[in-house]
Amino acid sequence: MKKVTVIGSGVMGHGIAQRVAQVKVPVVLFDINEESLVKAKSLIESNLTMQVNEQLLGEQEKEEALAFLNMSTDLEASVQGSELVIEAISEKLELKHGLYRSLESLVPKETVIASNTSTFSMKELTEGAAHPERFVVTHFFNPAQFVPLVEVVKGAQTTEHVVNETMSFMKQIGKSPILLNKDIPGFVANRLQAALVREAFYLLEEGVADARSIDLAVTDGPGFRWGFAGPLETADFGGLDIWKSVVENLAPTLSENTKVPDFIQTAIDEGNLGTKTTEGIYSYSSDIIQDRLVERDQYLMHLGKLKQST
Ligand SMILES: NC(=O)c1ccc[n+]([C@@H]2O[C@H](COP(=O)([O-])OP(=O)(O)OC[C@H]3O[C@@H](n4cnc5c(N)ncnc54)[C@H](O)[C@@H]3O)[C@@H](O)[C@H]2O)c1
């Protein structure tokens, strides 16, 4: 890619732009909100500094990455000459459609437009598009600068060329892209996560164990293994006959809730949203939240390095 534009410099956009800059591809991070761009620049600088401090990046590489990154509030200039535009704006369909209409009037039909949407199908995203064949979903995971997975979803009209270019660019920026064969709500990873979170809420509601223990059952149990082998390979390692019994014996006892349990709804009604408000399933002080985020990023950086080396 000669140039990439990332639109929306919030939680996801800044991390995506950082990855592109780190492989020395010129990238413009565009936002309608100047303050968001200022915050994004500062976050990218501190993310890169953290990588330097952890000896995962040289000081010169950090400076080079920053030199490949530009911030802008001018859409036309931002997309000029871009071969790929990655949209990471708020999850509102009418906003995304409005942006796509502007983009399609500014870029040639060969420019690939990728959306980081978490919930909209390709059918919904491409409604009214002049060139639906150049649209694709690239669903990154937070923090996008460190988590390798990107889910790539094609629409009925997306060309093979667009899919191949997208998959190959995701690899170039150090990601592990997976291509979905079907356009399904939640794609793959969020469906798997939702199944697990539903059961975790249920176990907590039933008082089977406390929150810390339920979390530990994942981070130091199956989750500890999942960085190496996913659930399907784990089933092969355990034996499909064993897993047949596990599923058949346990499935009837698992949560089938289609709504969150009352204690989650009550917390929301009381304004307790988790780290956003300091009270959630756990209680947090604001310095603990910051420390936990730094700790998380350091952990993910080293996990990424470990996975690359194996
Ligand atoms: N936060 C996550 O964990 C996560 C994970 C995966 C995917 N996503 C998806 O990524 C997208 C962005 O999410 P986020 O969490 O980064 O949102 P965010 O609210 O942190 O950032 C959105 C940014 O988009 C900007 N924006 C809004 N309208 C715009 C427009 N028309 N043109 C340019 N900029 C505009 C806002 O100013 C803001 O800076 C959403 O589609 C979301 O569903 C989020």
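The values are calculated or read from the model by the stated rules, or taken from the named source; none is laboratory data. Because the structure is a prediction, the values reported are computed rather than measured. Cβ atoms come from the backbone with ideal geometry, glycine included; neighbour counts cover every protein chain shown. These area figures cover heavy atoms from the full protein model, side chains too; ligands, DNA and RNA do not enter into them. Shrake-Rupley method; radii C 1.70, N 1.55, O 1.52, S 1.80 Å.
Before moving on, here are some points about what is shown:
- Complete set of residues in segment 20-45 that are over 16 Å from GLN60 (Cβ atoms) and open to solvent by less than 60 Å² (accessible area, probe 1.4 Å): VAL20, VAL25, PRO26, VAL27, VAL28, LEU29, PHE30, ASP31, SER36, LEU37, ALA40, ILE44
- Flag if ILE89 is assigned to a loop (DSSP other than H, G, I, E, B), farther than 30 Å from LEU303 by Cα and within 16 Å of the ligand (Cβ to nearest atom): no
- Residue match in segment 218-229 (condition: closer than 30 Å to GLY274 by Cβ and among the β-branched types (Val, Ile, Thr)): yes
- Test: residue in segment 96-105 that is of a type in the set (Asp, Glu) and touching a Lys or Arg at 6+ places or on another chain (Cβ under 7 Å): no
- Among the residues of segment 282-293, the ones that are of a type in the set (Lys, Arg) and exposed (fewer than 12 other Cβ atoms within 10 Å of the Cβ) come to 0 in all.
- Residue under evaluation VAL85, criteria (1) in contact (Cβ under 8 Å) with a residue 60 or more places away in the chain; (2) closer than 22 Å to ALA189 by Cβ, criterion not met: (2)
- The helices (runs of 4 or more DSSP H) located wholly in segment 148-245 that include 2 or more residues which are farther than 29 Å from PRO26 by Cβ occupy 189-205, 211-219, 222-226, 231-238.
- Residues being among the aromatic types (Phe, Trp, Tyr), surrounded by 16 or more Cβ atoms within 10 Å (Cβ to Cβ) and touching a Gly at 6+ places or on another chain (Cβ under 7 Å) are represented in segment 126-136 by at least one member.
- One residue from THR49, THR111 being closer than 30 Å to TYR299 by Cα, away from the ligand (no atom under 14 Å from the Cβ), hydroxyl-bearing (Ser, Thr, Tyr) and modelled with pLDDT of 95 or more: THR49
- Taking segment 255-276 as the range and being among the β-branched types (Val, Ile, Thr) and either assigned to a helix (DSSP H, G or I) or within 17 Å of ARG198 (Cβ to Cβ) (or both) as the test, the residues that pass are THR258, VAL260, ILE264, THR266, ILE268.
- Test: VAL246 is hydrophobic (A, V, I, L, M, F, W, C), within 23 Å of VAL208 (Cβ to Cβ), touching a residue at least 40 places away in the same chain (Cβ under 8 Å) and surrounded by 11 or more Cβ atoms within 10 Å (Cβ to Cβ): no
- Filter pass, GLN145 being more than 13 Å from the ligand (Cβ to nearest atom) and out of contact with any strand residue (DSSP E or B) (no Cβ under 6 Å at 6 or more places or on another chain): no
- Residue check, GLY174 over 25 Å from GLU256 (Cβ atoms) and touching a residue at least 40 places away in the same chain (Cβ under 8 Å): yes
- The set of residues from segment 61-79 being in contact (Cβ under 8 Å) with a residue 60 or more places away in the chain and either out of contact with any strand residue (DSSP E or B) (no Cβ under 9 Å at 6 or more places or on another chain) or more than 10 Å from the ligand (Cβ to nearest atom) (or both) comprises MET71, VAL79.
- Residues satisfying the stated conditions in segment 254-281, i.e. of a type in the set (Ser, Thr, Tyr) and either open to solvent by 80 Å² or more (accessible area, probe 1.4 Å) or under 24 Å from the mean Cα position of the chain (by Cα) (or both): THR258, THR275, THR277, THR278
- Evaluated against (1) free of Cβ contacts under 8 Å to residues at least 12 places away in the same chain; (2) within 16 Å of the ligand (Cβ to nearest atom), SER9 falls short on exactly one condition, (1).
- Considering segment 184-235, and only residues there that are open to solvent by less than 90 Å² (accessible area, probe 1.4 Å) and among the β-branched types (Val, Ile, Thr), the residue that is nearest to VAL247 (Cα to Cα) turns out to be THR234.
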